[in-house]
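The values are calculated or read from the model by the stated rules, or taken from the named source; none is laboratory data. On a predicted model such as this, the values are computed, not experimentally measured, just so you know. Don't worry about glycine lacking a Cβ; one is built from the backbone with ideal geometry, like all the others, and counts go over all protein chains shown.
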Amino acid sequence: MNWLDLRYLGIVGRKGRIPTWFNFIKNNFLSSPFSSLLLPLYFINSSFTLASPCLLDHTVKDYFFYPQWAINFNSATQTLSVGRVCITYKKQDSAIMSHWLPVSSSADERSYNPCPGCSFNIPALSKKSAIKQRCNSEKCFFNVILSETVGYPTRNAKVFAAYLPITLSTSWSYATSLALVHLSKPSLSTFSTLSSSFKDKTDDVVLPLSVQSLYTDGSFHVATDSSPASMTSAWLALDDDGLILESSSLQLFSCLPSALRSEIYAVVLGLNALSRGSSISIHTDCSQLISLWKRFVDVPFSPKLLREHNHLLWLSIRYLIMDRDLKVDLIKVPAHGDDIYNMQADSLAKDAHSSSPPNISPLAFCYAPCLLLFNSLPIDMNIRHFLRSIADARALLSFCSLARFTALGSPSLFDWA
C-alpha cells in the first residue's frame, strides 16, 4: 500500500506531503529484498491489506448497461485483468468486461489505457448496441465469470475522452492483493500448518448444534530461572441440560505469553470446534476479555485494531464468527466461585501445564485472513511499535559499529545487558 491508498481509505489526511517515517518504512521494510539496509529476516510481505474487499453492485438489473471498474481473476489461466464490467448476467454467473492495461509495470501504478485488442477480445461483444453506443474508447471486450470478479477500489472514474489513460484512486498492487484475498476464499486450513498430532486434538472435534454453552479458561505461568513461561487453555461444551458433551485442554506456544492471551486462545479454540450456524453462550471469568470483546468483535472492523496486542487472535475470532455464521454471547462468571463448570475448566487449564510442550508453529492457531510474519513468527503486537523497535535496533548496531568502538575490541567483548 502506498500513501495514496491510505488516503483513499481515509486512514490518513487528504492534504500535506508524505511523511518521512512512511517513506522509511516503505523503502526499508516493504521494498525489494536486495536492499542492503536490513537483513532478509526484517522484510515484510507488502501484499498485506487492511480493508474489506470492494464488491460489485449486484442491485443492477441483468442486461442493463452499468459500467463498474473491476478486477477479474481467471482461475483457469491464473491471470488478473482490470477493466469495466459493462453488462451482467447474474443467472449465468457471467458478465461482459472491457480490458484496460496499466500504463507502466510499476506496482504503484494507478493509470490505465484501454487495450487496443488482444487474445482476450471477442469481436461480437463490441457490436452489441449498448456497448457500441457508450464505449467508443474501448476496443477489447471479453466474457468473465462474476464469481471471479470484484470491484476495483476507486471513486467513480468515468471515461470521456477517447484513448486517454484513466487514473484510479488506488494502486495496482493494493487493488490486486485485496482482490486475491477475497477471490481465493482461503479456508482455515490455508493458514494452519498443523501437525498430525494437533489435528487429532482439534480438527476432529466438531461439536453438535445441541451445544448451548462453552466454559473457557486460560492459565499462565511466568518465566523463572528454572523454567520458561507457559500458557495453556481449556474449554468445556455443555448442552441445554447441563451435560458436558466435550472438553479440551492444550499447552500453547509461548509466543508473547500473557494471562489475557491464554484466555483469548481458549475462546478461539472453542469457536473452532463449533458447527456452522451454532448459537452459544461463552462463560468466562476474565472481565478484561469481555471488555475487549465489545471493542474489537461487536463493532465493525477498524484498522486501529492493528495497534493492539493480540490483534491476530481478535481477527481470528471475527473470522470464525463470520465464516461459520455463529451467534455468540459472553457471560461473566465469578472467578474462583462456586460454579462447578468454571472450576473444572480452570482445573483442566492448570493440569495442561504438565503436558508435553507443543511442537507446532504458532501459525496453527491463527485464522485471520491476513498475516504479517517476522522470522516465521506472527506479529501480534502494535505494528508501528514493532517496526520502530527494528529501526532502533538497526540504529544501535550502526552506532556500535563506529570506529571509535570497534577499535576497542571485538563486539563479543562488550557486556550488552
Cβ-Cβ under 9 Å pairs, at least 6 apart or on other chains, the range 128-139 side among the hydroxyl-bearing types (Ser, Thr, Tyr), far side part of a loop (DSSP other than H, G, I, E, B): SER137/VAL159; SER137/PHE160; SER137/ALA161; SER137/ALA162; SER137/TYR163; SER137/LEU164
Among residues of the range 274-300, those that are loosely packed, with under 13 Cβ neighbours inside 10 Å, touching a residue at least 12 places away in the same chain (Cβ under 8 Å) and farther than 23 Å from ASP338 by Cα, counted: 2
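Being assigned by TED's automatic domain parsing to the domain that holds SER262, exposed (fewer than 14 other Cβ atoms within 10 Å of the Cβ), of a type in the set (Gly, Ala, Ser) and within 18 Å of the chain's Cα centre (by Cα), is that true of even one residue in the range 327-337? Before the answer, list the steps.
Within the range 327-337, the subset assigned by TED's automatic domain parsing to the domain that holds SER262 is 327-337.
Okay, now just the ones that are also exposed (fewer than 14 other Cβ atoms within 10 Å of the Cβ), so 327, 329, 331-332, 334-337.
This time we only want the ones that are of a type in the set (Gly, Ala, Ser), so: 335, 337.
Next cut, within 18 Å of the chain's Cα centre (by Cα) only: none.
Looking through the range 327-337, none of the residues is assigned by TED's automatic domain parsing to the domain that holds SER262, exposed (fewer than 14 other Cβ atoms within 10 Å of the Cβ), of a type in the set (Gly, Ala, Ser) and within 18 Å of the chain's Cα centre (by Cα).
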Residue ID - modelled with the highest pLDDT, chosen from residues in the range 54-94 that are part of a loop (DSSP other than H, G, I, E, B) and within 11 Å of THR149 (Cα to Cα): ASP93
Tabulated pairs, the range 205-227, first in a loop (DSSP other than H, G, I, E, B), second polar (S, T, N, Q) and at pLDDT below 85, C-beta under 9 angstrom, 6+ apart or interchain: ALA223/SER254
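Against the condition free of Cβ contacts under 8 Å to residues at least 12 places away in the same chain, out of contact with any helix residue (DSSP H, G or I) (no Cβ under 8 Å at 6 or more places or on another chain) and not charged (D, E, K, R), how does ASN156 come out, does it pass? If you could, list the steps in order and put the result at the bottom.
Details: free of Cβ contacts under 8 Å to residues at least 12 places away in the same chain: yes; out of contact with any helix residue (DSSP H, G or I) (no Cβ under 8 Å at 6 or more places or on another chain): yes; not charged (D, E, K, R): yes.
Yes; evaluated as a whole, the condition is true for this residue.
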Flag for SER247 being of a type in the set (Ser, Thr, Tyr), closer than 15 Å to HIS311 by Cα and assigned by TED's automatic domain parsing to the domain that holds PHE296: no
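Do we find that TYR163 is farther than 30 Å from GLY270 by Cβ, at pLDDT 80 or above and not assigned by TED's automatic domain parsing to the domain that holds ALA234 in this structure?
Working: farther than 30 Å from GLY270 by Cβ: yes; at pLDDT 80 or above: no; not assigned by TED's automatic domain parsing to the domain that holds ALA234: yes.
No: the conditions fail for TYR163.
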The range 1-30, subset at pLDDT below 70 and in a loop (DSSP other than H, G, I, E, B), residue nearest to PHE301 (Cα to Cα): ILE11
Residues located in the range 82-94, provided they are crowded, with 22+ Cβ neighbours inside 10 Å and either more than 29 Å from the chain's Cα centre (by Cα) or not hydrophobic (A, V, I, L, M, F, W, C) (or both): GLY83, ARG84, CYS86, THR88
Any hit, the range 188-203, residues being buried (at least 16 other Cβ atoms within 10 Å of the Cβ) and modelled with pLDDT of 85 or more: no
Count - residues of the range 308-339 that are touching a strand residue (DSSP E or B) at 6+ places or on another chain (Cβ under 8 Å), more than 17 Å from SER287 (Cβ to Cβ) and part of a loop (DSSP other than H, G, I, E, B): 1
Total residues in the range 95-106, condition in contact with a Ser or Thr (Cβ under 7 Å, 6 or more places away or on another chain) and either surrounded by fewer than 16 Cβ atoms within 10 Å (Cβ to Cβ) or on the phi > 0 side of the Ramachandran plot (or both): 1
Those residues of the range 390-409 which are at pLDDT below 70 and among the hydroxyl-bearing types (Ser, Thr, Tyr), in sequence order: THR406
Residues satisfying the stated conditions in the range 137-156, i.e. surrounded by fewer than 15 Cβ atoms within 10 Å (Cβ to Cβ) and at pLDDT below 85: ARG155, ASN156
